[in-house]
Amino acid sequence: MKFIHGIVLALMLSVMIYVVNRDMARQDFRSDAPPVSIIPSAYAAEEQPAKMDWRMLRELNYRTGKVTPSLKALDGKLVKIPGYMVPLEDDSEIVTEFLLVPYVGACIHTPPPPPNQIVQVKMTNQKKVKMSFWDPVWVQGKLQIATVKSPYGDVGFQLSGIQIEPYKDQ
């Protein structure tokens, strides 16, 4: 029986590594990708979201709390981050709060990613959004660098969510 458990764990790890590598190879997970505006042109004078990727979030040293100047510059700013949703509420179909993680299945039945790879999203005005377990999404909102506890592990960032949309390669 232990042998079977070992094989299952090895397969799960292989799938996770594949998904992470696949997602990191996508253009939109790279910081050198040009920013794309999702705000209608009528609001062009308003603040444009900074497009972030998971490598930028790794600039937080979760052990010491040190933050690079480039990441610190985004603290309190409007950002747009791609990722996968992990619900924090019982009603998993529609939520107002969730974790955003870099790969599908993170935090569920596996050790959680490090705190600098988890974003706690709370939708503004308790806005309810449809959960998307298996499909990546773009989340837009105000970023705050702050370590907090969650049921799935420590979280290095909070985001006041404004908008969620399905992820599309651009």
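Exactly one condition in (1) touching a residue at least 40 places away in the same chain (Cβ under 8 Å); (2) closer than 22 Å to TYR152 by Cβ is false for ASP75; which is it?
(2)
For PRO114, all conditions in the list (1) without any contact (Cβ under 8 Å) to a residue 60 or more places away in the chain; (2) within 15 Å of PRO82 (Cα to Cα); (3) open to solvent by 10 Å² or more (accessible area, probe 1.4 Å) hold save one; what is the number of the exception?
(2)
Applying the selection to the stretch 94-111, what residues are open to solvent by less than 60 Å² (accessible area, probe 1.4 Å) and at positive phi?
GLY105, CYS107 - these are the residues of the stretch 94-111 that are open to solvent by less than 60 Å² (accessible area, probe 1.4 Å) and at positive phi.
Test THR124 against the stated conditions and say whether it is more than 16 Å from GLY153 (Cα to Cα), touching a Ser or Thr at 6+ places or on another chain (Cβ under 9 Å), surrounded by fewer than 22 Cβ atoms within 10 Å (Cβ to Cβ) and in contact (Cβ under 8 Å) with a residue 12 or more places away in the chain. Quick ask: steps written out before the conclusion?
Details: more than 16 Å from GLY153 (Cα to Cα): yes; touching a Ser or Thr at 6+ places or on another chain (Cβ under 9 Å): yes; surrounded by fewer than 22 Cβ atoms within 10 Å (Cβ to Cβ): yes; in contact (Cβ under 8 Å) with a residue 12 or more places away in the chain: yes.
Judged against the criteria, THR124 is a match.
The values are calculated or read from the model by the stated rules, or taken from the named source; none is laboratory data. Every value quoted in this text rests on a predicted model; they were computed, and no experiment measured them. For neighbour counting, all protein chains shown are included, and Cβ atoms are generated from backbone atoms with ideal geometry for every residue, glycine included. Calculation scope for accessible area: heavy atoms of the full protein, side chains included, ligands and nucleic acids excluded. Shrake-Rupley method; radii C 1.70, N 1.55, O 1.52, S 1.80 Å.
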